[in-house]
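Only the coordinates and a few stated rules stand behind these numbers; no lab work does. As the structure is a prediction and not an experimental result, all values here were calculated from the model.
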Amino acid sequence: DSGVTQTPKHLITATGQRVTLRCSPRSGDLSVYWYQQSLDQGLQFLIQYYNGEERAKGNILERFSAQQFPDLHSELNLSSLELGDSALYFCASSTHSGDTGELFFGEGSRLTVL
Amino acid sequence: QKEVEQDPGPLSVPEGAIVSLNCTYSNSAFQYFMWYRQYSRKGPELLMYTYSSGNKEDGRFTAQVDKSSKYISLFIRDSQPSDSATYLCADGGATNKLIFGTGTLLAVQP
């Protein structure tokens, strides 16, 4: 158990809809990362937050947004969903803000868009 | 060209075999190199972490980095069925992004 909690574990929705994925980092970790994993693209970095502030951005679509709250949990919002958004979404946390060091991953949220 | 390239496999070996997993990277700014292991339906977990060129050993696992050729390898000795998983190489640099390879699926047959 990594100590990172993600909900929901599975989500099935329709195209055009909006969903919110939630992540609670390990106790004491200030950085939260979001990754998308699909069969053809592998694990793609989306965005990082450190202590409530956006720290780095990857290949995150404009339809996606994220935030980190004062209690350090994070949410990833996916809107106007398309079939191609079906993937595993992982949250990871670490103690670091810059040099990432070890990332601790949750078990992921599997999103299926029909 | 992807920043980190990895053969997706699958790779199937008999129990006890030596396994070699490889990645190449293109970004000279990468400063540290990691191997993550991901079991089916689980999140990735860190296996090995190194900053420098050369070898680093941890039990049955050896990570090798050659910065001059931008090549990283993971060797598994005396492979076990419990080693069956997807192995992801990951590289990072001055930015906060950790770039992952697509992963190699390994199956160790008993």
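Here B:Lys67 is the anchor, and the lysines within straight C-alpha reach of less than 21 Å, apart from those fewer than 8 places off in the same chain, are B:Lys2, B:Lys56, B:Lys97.
Over chain B, Cα pairs under 8 Å with separation of 6+ residues give a relative contact order of 38 percent.
Taking every C-alpha pair closer than 8 Å and separated by at least 6 residues, the mean separation divided by the residue count of the range B:62-110 gives a relative contact order of 33 percent. Mean separation of Cα pairs under 8 Å and 6 or more residues apart, divided by the residue count, gives chain A a relative contact order of 37 percent. Taking only alpha carbon atoms, the protein assembly as shown gives an Rg to Rh ratio of 0.97, where Rh is the Kirkwood radius.
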